[in-house]
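Working notes, structure below.
What follows is calculated from the coordinates using simple rules that are stated; it is not laboratory data. This is a predicted model, so every value here is computed, not measured. All Cβ positions, even for glycine, are placed from backbone atoms using ideal geometry, and neighbour counts span all protein chains on display.
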Amino acid sequence: MSGANAPVASVWWRSDLARSLATSPVALISALLACGLTIAALGADVLAPVNVFDPRQANIADARLPPGATGLFGDSYPLGTDPQGRDMLSAMLYGLRTSLLVGLSAVFVAAAIGVALGLICGYFGGLLDAVVMRVADVFLSFPPILIALLIDGVARTVLDRADHARIALPVVVIAIAASYWVQYARTVRTLTMIERKKDYVLAARVTGVGAGRILFTHILPNTLSPVLVIATVNLALAILTEATLSFLGVGIPPTQPSLGSLIRIGNEFLFSGDWWIAIFPGALLFVYALTVNLFGDWLRQALNPRLDR
Amino acid sequence: MVFMLIRAGQTAGVLLAAALVSFLLFRFVGDPVNNIVGQGASVEERAATREALGLNDPAIVQFSRFVGRAVQGEFGVSYRFSQPVADLIGQRLPATAELTLAAMLVALGLGVPLGMWTAIKPRGVLTQTLLTLSLIGVALPTFLIGIVLILVFSVWLGWLPAFGRGAVTNLGWWTTGLLTTSGLRALILPALTLGLFQMTLIMRMVRSEMLEILRSDHIRFSRARGLRRPALIYRHAFRNALTPLVTIVGLQFGNVFAFSIVVETVFQWPGLGLLVIQAIQFADVPLLAAYLLLVALTFALINLAVDLVNAVIDPRIRQEAL
Amino acid sequence: MSPALSVNGLTVTLGRHQAAPKVIDDLSFDVGPGEILGMVGESGAGKSLTGQAILGLLDPPLHMAGGRIEVAGERIDGLSETAMRSWRGRRIGAVFQDPMTSLNPLLTIGRQLTETIRTHLPMNAASARERAIRLLSEVGVPAPEERMGAYPHMLSGGMRQRVVLALAFACDPMLVIADEPTTALDVSIQAQIVGLLRRMCRERGASVMLITHDMGVIAECADRVAVLYGGRLAEIGPADTLLREPAHPYTQGLMASIPDMRRRVDMLPQIPGSMPRVGGAPSGCAFHPRCSRATARCRAERPDLVGHGSCLAACWMPGDPSGFRPEATHAG
């Protein structure tokens with residue numbers, strides 16, 4: 001998302017948008033929190049007290065310590081430890097990083113596929129358009145989680161276990177992207193069909209400018225702000241979907257902790273009274289999804305008041 | 001009539017497409033021969049099995065055979081459970097059906113009245129609270145709701161069970177948990193978890209529909225006719241909100257079906273969802289293929305039901321349909 | 001005998017606060033028993049809002065900030081919603097602009113008629129049904145008994161407006177507020193509906209407040225005419241006098257440029273300029289920026305209604321059309 005954001009930022013990051021953000025406390029706090037958490041997650045290597053990928057840094061004697069406890073060797077665990085004696089805070093930071101990575105990639109892939117198909121279908125129409133839109137209808141009528149599950153299931157069947165574990169991350173990204181591309185395609189298609197009829201596009205076509213050039217230099221920029229709005233809301237959804245898949249044990253393998261798989265582990269220890277193992281990652285997931293959502297809501301209203309119901 | 005034929009055609013098309021995906025999955029994903037005779041079988045054994053399974057026939061013949069068997073409920077034997085897939089699904093279906101219906105009941109029973117309330121009293125404290133909560137609720141994944149409910153009501157308070165279906169009664173063709181206290185108690189938390197998210201959706205939908213209809217001309221005219229408030233709200237406004245509501249609820253049924261997988265995992269509810277998760281983890285292709293077809297069939301039936309109910313409610317649709 | 005409708009000093013504001021802009025400003029008029037009062041003016045002049053205020057159907061932020069509304073001598077403004085309900089539909093009937101959207105699409109017209117009747121009159125289902133059928137035949141719906149089971153979408157626009165009229169007259173109201181009853185209809189149907197409205201009113205002795213911007217409709221059936229401009233009364237008087245010799249320059253503007261009374265609404269003349277926006281009323285006479293006769297006095301002081309022949313006009317120099325020439329261009 002941030003990648004798509006940067007080149008066009010100077011075009012519509014106008015001062016009134018910034019001012020609107022400043023006058024909306026909910027959006028501002030959400031944006032700051034979301035940014036803060038994103039930075040913390042991306043900087044997990046530096047910020048986390050313990051590297052959870054390094055087994056030597058986990059101490060099995062310190063397993064399942066409650067929040068605020070001090071370990072056998074004097075390590076302090078502000079949020080407690082997990083069943084393998086890993087510091088929860090560190091695990092959560094690394095977990096959020098994985099979730100974020102999957103979420104951002106999925107949104108990026110979904111947007112890339114959706115925008116490309118939307119542009120092509122909207123511009124050229126015809127049989128291709130009809131076929132793609134029917135396929136989109138089918139995708140839309142099935143719940144995203146089911147599509148993601150099915151794709152993951154097929155991947156597991158085709159690949160053997162070791163191969164699957166190695167490419168589990170991209171599989172999850174593709175599974176999630178497959179269930180969210182439709183929205184981009186439909187929106188961009190509609191906008192393209194509107195834009196295509198405008199005089200400047202006709203003029204460009206008459207003067208012999210190629211279709212590809214028209215699509216990229218003229219039409220694409222006009223579709224970016226709705227795409228950005230969809231992407232923001234989708235980021236929250238994608239992260240929640242990833243967490244759900246990992247919780248079900250079909251997403252990211254347990255060797256690579258994501259928030260979902262942390263919660264899955266925590267769920268098993270719920271009845272032992274070790275609530276923090278599930279609840280802390282859960283709360284982090286919730287707060288992150290909520291802030292991204294609230295920011296997305298604000299963005300939608302700020303960029304296009306007409307879109308507001 | 002034409003309308004109905006077109007809808008029936010569409011439904012058949014979707015089912016056939018699902019059957020095709022299901023067949024491709026069944027036939028080409030993973031090697032059925034390997035799964036039957038094992039990796040170490042000889043070339044002759046393999047060839048014999050291939051011939052016996054009809055895998056040498058043209059694809060179209062195989063597909064027809066697949067569809068023909070599917071119609072009779074034959075999906076082969078599960079790799080993981082070594083039982084006919086149809087039997088497995090038959091055993092698990094009642095649990096999922098009861099959970100799904102209970103969740104929809106929760107969602108409709110709470111969502112519709114709350115949505116009406118928030119539309120009729122748009123500035124009330126309860127309205128504002130509910131709207132804020134539903135905004136926050138969007139960021140709460142279903143499985144997390146389940147975990148928190150288990151933590152509070154099972155672990156801390158010890159009021160309700162968190163696992164399984166409780167005691168079930170076998171009716172021969174159906175096992176139900178609705179006839180025993182423990183079965184009903186076991187249903188509460190999973191149904192709440194599954195229904196809560198749908199409830200907020202339905203509430204918001206009812207609210208926006210009602211707000212729009214209450215602003216419409218015919219409601220203004222009904223007010224100008226001096227109709228009493230209950231007649232206005234229920235006979236006129238709510239009735240008009242029903243068509244979109246039924247459509248959305250139909251669509252949401254699909255989501256409930258999907259999320260029952262999640263809820264069944266959280267609560268170890270012995271339904272289809274749990275079965276499917278295992279099927280995915282163990283690449284149990286026959287089971288997956290059958291589940292896919294079952295989902296498509298359920299969706300098709302729900303769409304049909306939505307069309308019929310809407311035709312009953314709205315005379316304009318009825319006229320189109322006949 | 002007290003007038004069927006008496007409006008006194010009606011003021012409607014946009015918002016409830018002290019400085020809220022006035023949409024209707026100190027409006028007073030009467031409708032006599034059995035009389036048809038035509039209310040004309042450009043859109044935004046406050047015609048429809050007057051009707052809504054009388055029916056007690058102003059939606060927030062609109063707010064009735066002052067004045068008195070009496071129907072048959074009984075004050076009805078400020079009544080509770082419940083008390084008002086026994087007036088609406090019972091003693092005050094209403095006809096709205098668009099028959100396509102006025103009726104509930106999901107209920108048969110028979111049901112909508114009987115529910116109105118049984119809400120207000122102590123009748124059993126059978127006699128309510130009988131009354132409904134009689135009403136339908138009165139408004140000229142053919143085969144009324146069969147039509148009882150019809151849904152609105154099965155009827156044409158003209159038929160639906162007849163049904164709406166039947167609903168308005170269902171409980172023998174003493175006053176009917178008809179808000180642009182012909183605007184949404186085909187020209188050929190318009191005359192029928194206007195004729196029907198007049199006939200129903202005459203036969204049943206009901207008074208009608210007919211809101212329209214179609215001078216043709218006014219000429220055809222109004223007994224008296226009230227001309228609204230910017231939420232105030234510009235002129236009021238008997239239809240024949242007012243239409244023949246309009247005193248207010250605004251009315252003159254409306255009249256002078258109508259080539260044919262029976263032409264459609266979108267032929268209204270273009271009086272230069274446009275009506276002031278809500279809250280943007282100029283000083284003095286609200287019409288002065290558009291009036292070719294405006295003097296320093298018009299710009300400074302607001303004229304009150306003064307008698308001019310049998311009419312009342314809010315103008316400092318009413319009656320004299322010389323020097324006022326509306327542009328010959330037409331809108332639309």
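Take every Cα pair under 8 Å in chain B that's 6+ residues apart, average their separations, divide by the length, and report that relative contact order as a whole percent. All intermediate terms of the calculation are to be shown ahead of the outcome.
Details: 351 pairs, mean separation 89.6, N = 322.
Computed value for chain B: 28 percent relative contact order.
Placing unit charges on C-beta atoms (Lys and Arg positive, Asp and Glu negative, everything else neutral), compute the dipole magnitude of region B:85-321 about its Cα centre in debye, rounded to 20. Walk me through the intermediate numbers first.
Working: 17 positive and 10 negative charges, 272 e Å.
My answer is approximately 1300 debye.
Reachable lysines from B:Lys121, Cα under 28 Å, same-chain residues fewer than 8 places away excluded?
Partners found: C:Lys22.
I'd like to know which of B:Ala186, B:Ala70, B:Met210 lies farthest towards the positive end of the charge dipole of the protein assembly as shown, counting +1 on Cβ of Lys and Arg and -1 on Cβ of Asp and Glu.
B:Met210
Can you give me the relative contact order of region A:244-305 as a percent, contacts being Cα pairs under 8 Å and 6 or more apart? Please list the in-between numbers first.
Working: 49 pairs, mean separation 13.4, N = 62.
Computed over region A:244-305, the figure is 22 percent.
Within a 10 angstrom radius of the beta carbon, how do A:Ser30, C:Ser156 rank from fewest other beta carbons to most?
Values: A:Ser30 22, C:Ser156 12.
Ascending Cβ contact count within 10 Å gives the list C:Ser156, A:Ser30.
For each of B:Met199, C:Met200, count neighbouring Cβ atoms within 10 Å of the residue's Cβ, then give the residues from fewest to most.
On the way: B:Met199 24, C:Met200 20.
The most exposed by this proxy come first: C:Met200, B:Met199.
In region C:273-302, what trypsin sites (Lys or Arg not before Pro) fall in a loop by DSSP, with at most 13 other Cβ atoms inside 10 Å? It would help to have the intermediate numbers written out before the result.
Values: sites: C:Arg277, C:Arg290, C:Arg293, C:Arg297, C:Arg299; in loops: C:Arg277, C:Arg293.
Passing both the DSSP loop test and the Cβ count: C:Arg277.
Lys/Arg Cβ at +1, Asp/Glu Cβ at -1, dipole of the protein assembly as shown taken about the Cα centre: which of C:Ser292, B:Leu251, B:Met4 is farthest positive-ward?
C:Ser292
For the protein assembly as shown, state the average projected area of the convex hull of the C-alpha atoms over all orientations, rounded to one decimal in nm². Each step should come with its number before you reach the end.
Details: hull surface 206.5 nm².
With the hull built on Cα positions only, its mean projection is 51.6 nm².
Hey, in the GNM for chain C with a 10 angstrom Cα cutoff, which one of C:Pro105, C:Pro173, C:Pro33 fluctuates hardest?
Taking springs between Cα atoms under 10 Å, the residue moving most is C:Pro105.
Against the longest alpha carbon principal axis of chain B, how many degrees, from 0 to 90 and to the nearest 10, is the axis of helix B:272-281 turned?
Approximately 50 degrees, to the nearest ten.
With a 10 Å cut-off between alpha carbons and a GNM built on chain C, which of C:His248, C:His17, C:His308 moves the most?
Result for chain C, Cα springs under 10 Å: C:His17 fluctuates most.
Test of understanding: in a Gaussian network model of chain B with alpha carbons linked when under 10 Å, which of B:Leu293, B:Leu133, B:Leu110 would top the mean-square fluctuation ranking?
Per the Cα network of chain B with a 10 Å cutoff, B:Leu133 tops the list.
Considering only the other residues whose Cβ falls under 9 Å of the Cβ of C:Ala4, what net charge follows from Lys and Arg at +1 and Asp and Glu at -1? All intermediate terms of the calculation are to be shown ahead of the outcome.
Details: positive: none; negative: C:Asp30, C:Glu35.
Around C:Ala4, the surrounding residues sum to -2.
I'd like to know which of A:Ile176, A:Ala130, A:Thr190 lies farthest towards the positive end of the charge dipole of region A:125-198, counting +1 on Cβ of Lys and Arg and -1 on Cβ of Asp and Glu.
Highest projection toward the positive end goes to A:Thr190.
Among all stretches of chain B without exposed chymotrypsin sites (Phe, Trp or Tyr not before Pro) (DSSP loop, at most 12 other Cβ atoms within 10 Å), which one is longest? Provide the component values of the computation, followed by the final result.
Working: sites that count: B:Trp159, B:Trp173.
For chymotrypsin sites (Phe, Trp or Tyr not before Pro) (loop position, at most 12 other Cβ atoms within 10 Å), the longest site-free span of chain B is B:1-158.
Taking the alpha carbon gyration tensor of region C:1-132, what are the square roots of 5 times its eigenvalues, largest first, to the nearest whole Å? Don't skip to the answer; put the middle values down first.
Working: eigenvalues 173, 63, 44 Å².
Semi-axis lengths for region C:1-132 are 29, 18, 15 Å.
Which whole-number percentage describes the relative contact order of chain C, with Cα contacts under 8 Å and a sequence gap of 6 or more?
Values: 676 pairs, mean separation 65.0, N = 332.
Over chain C, the number comes to 20 percent.
Which net charge results when you count Lys and Arg as +1 and Asp and Glu as -1 among the other residues whose beta-carbon is under 12 Å from that of B:Tyr291? Working shown, then result.
Working: positive: B:Arg92; negative: B:Asp284.
Overall, the nearby charge balance is 0.
According to the Cα gyration tensor, what semi-axes, each the square root of 5 times an eigenvalue, does the equivalent ellipsoid of region B:85-321 have, listed from largest to smallest in whole Å? Please list the in-between numbers first.
Values: eigenvalues 258, 105, 46 Å².
Working through the eigenvalues yields semi-axes of 36, 23, 15 Å.
With axes computed from alpha carbons, what is the tilt in degrees of helix C:187-204 against the longest principal axis of chain C, rounded to the nearest 10 within 0 to 90?
Tilt of helix C:187-204: around 80 degrees.
By the scheme Lys and Arg +1, Asp and Glu -1, what is the net charge of all other residues having a beta-carbon under 14 Å from that of A:Leu117? Please report the intermediate quantities before stating the final value.
On the way: positive: A:Arg134, A:Arg186, A:Arg189; negative: A:Asp129, A:Asp137.
Neighbourhood net charge equals +1.
Report, in debye and to the nearest 20, how large the dipole of the protein assembly as shown comes out about its Cα centre when Lys and Arg carry +1 and Asp and Glu carry -1 on their Cβ. Write out the running numbers ahead of the final one.
Working: 79 positive and 68 negative charges, 305 e Å.
For this selection, approximately 1460 debye.
Only counting other Cβ atoms within 10 Å, I'd like A:Val109, A:Val158 sorted with the fewest neighbours first. The partial results should precede the final answer.
Numbers: A:Val109 19, A:Val158 13.
Placing the least packed residue first, the sequence is A:Val158, A:Val109.
Filter the trypsin sites (Lys or Arg not before Pro) in region C:1-74 down to the DSSP loop ones having no more than 16 other Cβ atoms within 10 Å, then list what survives. Show your work: numbers first, answer last.
On the way: sites: C:Arg16, C:Lys22, C:Lys47, C:Arg68; in loops: C:Arg16.
Those satisfying the criteria are C:Arg16.
To the nearest 10 degrees, how steep is helix B:181-214 against the longest Cα principal axis of chain B, on a 0 to 90 scale?
50 degrees
Loop-only trypsin sites (Lys or Arg not before Pro) in region A:198-233, please: DSSP not H, G, I, E or B, and at most 14 other Cβ atoms within 10 Å. Each step should come with its number before you reach the end.
On the way: sites: A:Lys198, A:Arg205, A:Arg213; in loops: A:Lys198.
Listed in order of number, the matching sites are A:Lys198.
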